[in-house]
Amino acid sequence: MLKFADLIDENIEELAILETLDAGKLFNWNKNFDIPGVANTLRYYAGAADKIHGDVLKMSRQFQAYTLLEPIGVVGHIIPWNFPSTMFFMKTSPALAVGCTMVVKPAEQTPLTALYYAHLAKLAGIPEGVLNVVTGFGKTAGAAISSHMDIDMVSFTGSTEVGREIMKASAESNLKPASLELGGKSPIIIFEDADIEMASDLALEGILFNKGEICVAGSRVYVQEGIYDEFVKKLVKKAKDWSVGDPFDPQVRQGPQVNKAQFDKILSYIEHGKREGATLLTGGKPIGNKGYYIEPTIFADVKEDMLIVKDEIFGPVMALMKFKTIEEAITRANDTKYGLAAGIVTKDLNVANTVSRSIRAGVIWINCYFAFDRDLPYGGYKMSGFGRDFGLEALHKYLQVKSVVTPIYNSPW
Ligand code: ADP
């Protein structure tokens, strides 16, 4: 695994280019964060590989007992197209560290880096058959994994609809356990003691990072009434100045959506928003007529029953709402079927602590957003799924616990 990580470091430039060509992600981001980040994910889990062990147990009768932690077996990893490299290693690194073998199915939109990683794995000396990549479509290659009788566990990241299909396929085949990281509609709550400059940057980055194609996007922004007008003024100005264009250009902050289907889906949600009576503060249109570029889009006067507030859009579209009290903010933030992440912006520690305990979501960011790391467990509540990726937590979903018991005869105790 350490050698695999070194080989990735040696090929950062080429991997970063492939990722940009495949997914429209910013080249500089891939080169400076995502690709070096996956090498470090491998190193983190390589460090855990020789520290995985069971417990010695104290049974209530005369027995000696201990647990063995064993690899669960053959794992199927089905991954999406928005972070092809990060997802690949978020899934495979802990599974490799505990000793599983695996089949990875990258998304059909973005198979290139996964194939490159399979090649590097071979060069690194990962034994034949341990880390396999099978490209293909969801309904064929993906479904073959979730319904396979010889696959022991499936680890999936993608939409809630497909997560449901995967659980059904598992139930109808060999009842393999599933770990599902699904959609989100995460709230960012901005209280009126916040620094408006910082809060508007955070909220904008929260929805525009990776062109909104990120399951933890802060797509519902709640702003307390005392600062609402000033916040909106700053936010809209910054959104208009946001640079959208060629993802290879280092000045650009937002590249094209991944493909035409995604582009059309986002534009149709924008049309819905207009029809439902939300106020379009800025954006709302494609940019140019070549490539799938969409303007940073902000809707205000939005209500919780509107489709643009309920559904995950997976694009640069923010729904902005005003609130009065902390209780109201908590209730409205929780009024969603999802529970992946939430952001809180305040200087008041008591407010931050109260809200973080009251939101049903897997990650709470206070005065920051998208603060990820390989040691931060990551996953959802509610219909955002279950199971955790990253952190030492992730090792456990790829492990079985075996209890071993022997009697103790003629013990003096
Ligand atoms: P998104 O909505 O982000 O495109 P999807 O959930 O559609 O995400 O896809 C995520 C991954 O799931 C992809 O690798 C895709 O090929 C795969 N997939 C799609 N449909 C199925 C299915 N029915 N069974 C298994 N995998 C699937």
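Rule-based calculations on the coordinates, nothing more; no lab input. Since the structure is predicted, the reported quantities are computational estimates derived from the model, not experimental observations. Glycine gets a Cβ as well: all are built from the backbone with ideal geometry, and neighbour counts include every protein chain shown.
Cα centroid distance between segment 1-75 and segment 334-413, in Å?
Using only Cα atoms, the two centres lie 18 Å from each other.
State to the nearest 20 debye the size of the charge dipole of segment 280-355 about its Cα centre, where the only charges are +1 on K and R beta carbons and -1 on D and E beta carbons.
It comes to approximately 220 debye.
Mind listing the phi-derived Karplus ³J(HN,Hα) values for segment 191-205, rounded to whole Hz, using 6.51, -1.76 and 1.60 with θ = phi - 60°, and x for any glycine or proline?
Whole-Hz 3J(HN,Hα) from phi for segment 191-205: 8, 6, 8, 6, 6, 5, 4, 5, 5, 6, 4, 4, 5, 5, 4.
Rounded if a/c is under 1.5, else prolate if a/b is larger than b/c, else oblate: which is segment 357-399, with a ≥ b ≥ c the root eigenvalues of its Cα gyration tensor?
oblate
Once both labels are modelled 7 Å past Cα along the beta-carbon direction, what's the L392-L280 spacing in nm?
Taking the two extended label points, one gets 5.2 nm.
If the elastic network links every pair of Cα atoms under 10 Å, which of G291, G387, G277 fluctuates the most in the Gaussian network model of the chain?
G277
Could you tell me which of L180, V309, F372 has its Cα farthest along the dipole of the chain towards the positive end, charges placed at Cβ (Lys, Arg +1; Asp, Glu -1), taken about the Cα centre?
With unit charges placed on the Cβ atoms, the residue in question is L180.
Can you give the translational diffusion coefficient of segment 110-203 in µm²/s, computed by Stokes-Einstein from the Kirkwood radius over Cα pairs at 20 °C and 1.002 mPa s?
130
Could you work out how far helix 12-23 tilts from the main Cα principal axis of the chain, as a 0 to 90 degree angle to the nearest 10?
60
Can you pull the Rg over Rh of segment 43-88, Cα-only, Kirkwood?
With Rh from the inverse mean 1/r over Cα pairs, Rg/Rh is 1.22.
Quick one, can you get me the convex hull of the C-alpha atoms of the chain expressed as volume per residue in Å³?
164
Compare L376, L42, L68 in a GNM of the chain, Cα atoms joined below 10 Å, and give the one with the largest fluctuation.
L68
When the Kirkwood radius is taken over all Cα pairs of segment 1-115, what Stokes-Einstein diffusion coefficient follows at 10 °C and 1.306 mPa s, in µm²/s?
101
If amide hydrogens are placed 1.01 Å from N in the peptide plane, which non-local residues have theirs closer than 5 Å to the one on V104?
It is H77, N132, V133, V134, by chain and number.
For segment 283-409, just say rounded, prolate or oblate: build the C-alpha gyration tensor, square-root its eigenvalues into a ≥ b ≥ c, call rounded for a/c under 1.5, and beyond that prolate if a/b exceeds b/c, oblate if not.
prolate
Have a look at the DSSP beta bridges in segment 147-305 and tell me what percent are antiparallel, nearest 5.
Bridges in segment 147-305 that DSSP calls antiparallel: roughly 30 percent.
Counting Lys and Arg as +1 and Asp and Glu as -1, each charge on the Cβ, what is the dipole of the chain about the Cα centre in debye, to the nearest 20?
740
Only Lys, Arg, Asp and Glu count, each charged at its Cβ (+1, +1, -1, -1), so figure out the dipole size of segment 86-231 about its Cα centre, rounded to 20 debye.
1080
Rounded, prolate or oblate, given the Cα gyration tensor of segment 188-314, with a/c below 1.5 counting as rounded?
Oblate.
Would you kindly derive the ³J(HN,Hα) couplings of segment 150-159 from the backbone phi angles with the Karplus curve 6.51 cos²θ - 1.76 cosθ + 1.60 (θ = phi - 60°), listing them in order in whole Hz, with x for Gly and Pro?
For segment 150-159, the Karplus-derived couplings read 9, 9, 8, 7, 10, 10, 10, 10, x, 7 Hz, x marking Gly and Pro.
Do the sum for the chain: with -39,500 (n - 2.57) for every DSSP H run of n ≥ 4, divided by all residues, what is the mean residue ellipticity at 222 nm, to the nearest 500 deg cm²/dmol?
After summing the helix terms and dividing by residue count, I get -11000 deg cm²/dmol.
Report, for the chain, the % of DSSP beta bridges that are antiparallel, rounded to 5.
35
Can you tell me the FRET efficiency between S60 and D249 if r is taken as the Cβ-Cβ distance and R0 is 51 Å, rounded to the nearest 0.05?
Using R0 = 51 Å, I get an efficiency of 0.15.
Got a sec to turn the phi values of segment 373-389 into Karplus ³J(HN,Hα) couplings, 6.51 cos²θ - 1.76 cosθ + 1.60 with θ = phi - 60°, whole Hz, x for Gly and Pro?
Coupling constants for segment 373-389: 7, 5, 9, 9, x, 9, x, x, 9, 6, 7, 8, x, 8, x, 10, 9 Hz.
Are any of the pairs K25/K122; K237/K324; K25/K168 more than 30 Å apart by Cα-Cα distance, and if so, which?
Violating the 30 Å Cα-Cα cut-off are K25/K168.
DSSP loop (so not H, G, I, E, B), at most 15 other Cβ within 10 Å: list which trypsin sites (Lys or Arg not before Pro) in segment 292-357 pass both filters.
Passing both the DSSP loop test and the Cβ count: K303, K324, K337, K347.
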